[in-house]
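Enquirer: Encoded as C-alpha cells, here's the structure I'll be asking about.
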Amino acid sequence: MKKRKPFSGKKRHKPKTKNKAFQKKSFLSIRNFFGGKGEPYLHTAEWMFVLLAFFVIGLAVIYSESVKIFLNDKQQISFEASENTIQTLKDQEMFTGEELSEPINISDWDTYQNKWYGFEIGHPDSWRNNTQYRTATEKSAVYETIYKFRKDEEENSIFVGYDVKIYPMKKAPDIESTNDIREKDNAPEDREDCYPIAEETKFDGSDLVFQKVSIDENNPCYEPAYFFSIIEGSYIYNIVPAVGESGERFAEPEKETGKIFPEYEEAVKTLKFISITRPKPKRDPRAGIRKPISAKIVGGKLVCAVKNDRPHKSDNNKPGHLDLECCLDPDERPNPWCTY
C-alpha cells in the first residue's frame, strides 16, 4: 500500500493545458471577427458603420419625441394664454374674428299674457304701450290673428319689433303652409332639391322644442326667411322678427338678425304656454224673438212711434201677446228689441 505524502501547506494546481487551449480558441474567434487571418464576419469599418447607424437612428427617435412633447406643451400654453386674454367683448371679437352683440339683460322685461290663445312672452319695458293685434282680412291670409310687439318709436332701427302669428292648423297644417314662408318664382317642381328649411331647437332652461326656420338666398325653393315656430294644441305659433318701412331683406337673415336685433332671440326664449281661458258668450235675449213691425229709431234704439204713449207705465202686464210696435199695452209682454 502506497503511503500518502505529508501535506506541505501548499495547494497543488492542475495543469493549465485546457485553460490555455480555451483562451487561445476565444482569442482566435475575436481576431477572426475583427479581421484576422481567418474569414471575418464583418470588416472593422463595416461594424463601426452599423454601430453609428444605430446611434443616429436612436438619436433621431429621441429628438422627434422631444419635439412632439415641446410642441404640445407650447400649444396648450398658447391656448390657455389666449383664453386668459378673452376678458372683454372686444377681446373675444378679436380672437374669433366675428362681431358680437352685447349680452341682453331681460330681468326688467315685461311679460305679455294672452289667455285667449294661451301664451305669454316677454318684451323690453319700453315696448309696454306698443302692443297691437290684427285679425286676418286678406284673402291669401291663413293666420287667424297677429299680435305685434313694437319698439319705442324713437328707436331708429331696421327691425321695429316682432310678431306672434297664430295659425289654426285647419288652415295651415304645417310650417310650409303659413304666410311666413314664400316660394321663389323660379322654384323647381322637383322638391328633392329643396333641402330642409327647419331644424329642432331647444333653449337652455326651457322644455319647449321650437322649429328654427333659417333660409338663405341660396335655397332654390324659398325666399330668405328666419323665425321660430312651435305647435301647441290646434295652433301653430310663429314668432317672426318685424322689419320696418325699409322692408329690407337679407341674404343671410339669421346672421344679420342676430347681429342687429339680438333682443329677438331673447324674446323667443321667454315664450311659455298657459291654459286657454275664454269667457262663455252671453246668450242674446233677442235670439228667436220677432222684431217689431213698426217702431221709431232714436239714438240707434227702437222706441214707440205713437205720440204721448207711455209704455213704461204698463208695469202690470199680464202674460199676453208680444208687443210688436214698442208701445207696450197692458195685455202685451215686452219685446227685447224695444227700448221702453
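Enquirer: Label Thr339 and Lys296 with points 7 Å out from Cα along Cα→Cβ: what is the distance between them in nm?
Expert: 1.3
Enquirer: While we're looking at this one, here's another question. Can you list the trypsin sites (Lys or Arg not before Pro) in region 198-297 that are in a DSSP coil and have 16 or fewer other beta carbons within 10 angstrom? Intermediate results must be reported in sequence, preceding the final value.
Expert: Values: sites: Lys202, Lys212, Arg249, Lys255, Lys259, Lys269, Lys272, Lys282, Arg283, Arg286, Arg290, Lys296; in loops: Lys202, Arg249, Lys282, Arg283, Arg286, Arg290.
Counting only loop positions with at most 16 other Cβ atoms within 10 Å, the trypsin sites (Lys or Arg not before Pro) in region 198-297 are Lys202, Arg249, Lys282, Arg283, Arg286, Arg290.
Enquirer: Would you kindly derive the ³J(HN,Hα) couplings of region 220-228 from the backbone phi angles with the Karplus curve 6.51 cos²θ - 1.76 cosθ + 1.60 (θ = phi - 60°), listing them in order in whole Hz, with x for Gly and Pro?
Expert: x, 10, 10, 6, x, 7, 8, 6, 10
Enquirer: May I ask you to derive the FRET efficiency for Asn105 and Ile57 from their Cβ-Cβ distance with R0 = 56 Å, giving the value to the nearest 0.05?
Expert: Details: r = 64 Å, r/R0 = 1.14.
Plugging the Cβ-Cβ distance into 1/(1 + (r/R0)^6) gives 0.30.
Enquirer: Residues in region 168-207 near a label at Glu138, defined as backbone nitrogen under 15 Å from the 7 Å Cα→Cβ point?
Expert: What the label zone holds, given the 15 Å backbone N cut-off, is 177-184.
Enquirer: Determine the distance separating the Cα centre of region 205-246 from the Cα centre of region 157-183; give it in Å without decimals.
Expert: Using only Cα atoms, the two centres lie 7 Å from each other.
Enquirer: Testing the spin-label approximation: label points 7 Å from Cα along Cα→Cβ at Lys202 and Ser64. State their distance in nm.
Expert: Between Lys202 and Ser64, the simple spin-label model gives 4.7 nm.
Enquirer: I would also like to ask the following. Would you kindly derive the ³J(HN,Hα) couplings of region 206-219 from the backbone phi angles with the Karplus curve 6.51 cos²θ - 1.76 cosθ + 1.60 (θ = phi - 60°), listing them in order in whole Hz, with x for Gly and Pro?
Expert: Those phi angles translate into 10, 8, 6, 10, 8, 9, 8, 8, 9, 10, 9, 5, 7, 5 Hz.
Enquirer: Which Cα, out of Tyr235, Phe250, Ala187, lies furthest along the positive dipole direction of region 180-283 (beta carbon charges, K/R +1, D/E -1)?
Expert: Comparing the listed Cα positions along the dipole, Tyr235 ranks first.
Enquirer: Sticking with this structure for a sec: Could you grab the Rg to Rh ratio for region 110-273? Cα atoms only, Kirkwood for Rh. Spell out each step's value before the answer.
Expert: Numbers: Rg = 15.6 Å, Rh = 16.6 Å.
In region 110-273, Rg relative to Rh is 0.94.
Enquirer: What is the set of long-range amide H partners of Val243 at a cut-off below 5 Å, with H atoms built 1.01 Å from backbone N?
Expert: Amide H to amide H, under 5 Å and 5 or more residues apart or across chains, Val243 pairs with Val160.
Enquirer: Next question, about the same structure. On full extension of the chain, what length is gained from Asn130 through Lys307, given 0.36 nm per residue of separation minus the C-alpha to C-alpha distance? All intermediate terms of the calculation are to be shown ahead of the outcome.
Expert: On the way: separation 177, 0.36 × 177 = 63.72 nm, distance 5.15 nm.
That pair, Asn130 and Lys307, stretches by 58.6 nm at full extension.
Enquirer: Give me the net charge of Ser214's neighbourhood, meaning all other residues with Cβ under 11 Å from the Cβ of Ser214; Lys, Arg count +1, Asp, Glu -1.
Expert: Result for the local shell: -2.
Enquirer: Sticking with this structure for a sec: Please turn the phi angles of region 234-242 into ³J(HN,Hα) values with the Karplus equation 6.51 cos²θ - 1.76 cosθ + 1.60 (θ = phi - 60°), one per residue in order, whole Hz, x for glycine and proline.
Expert: My calculation for region 234-242 gives 9, 10, 9, 10, 9, 9, 10, x, 9 Hz in order.
Bear in mind these aren't lab numbers, they're just calculated from the coordinates by the rules spelled out. Quantities reported herein were computed from a predicted structural model and do not represent experimental measurements. Glycine gets a Cβ as well: all are built from the backbone with ideal geometry, and neighbour counts include every protein chain shown.
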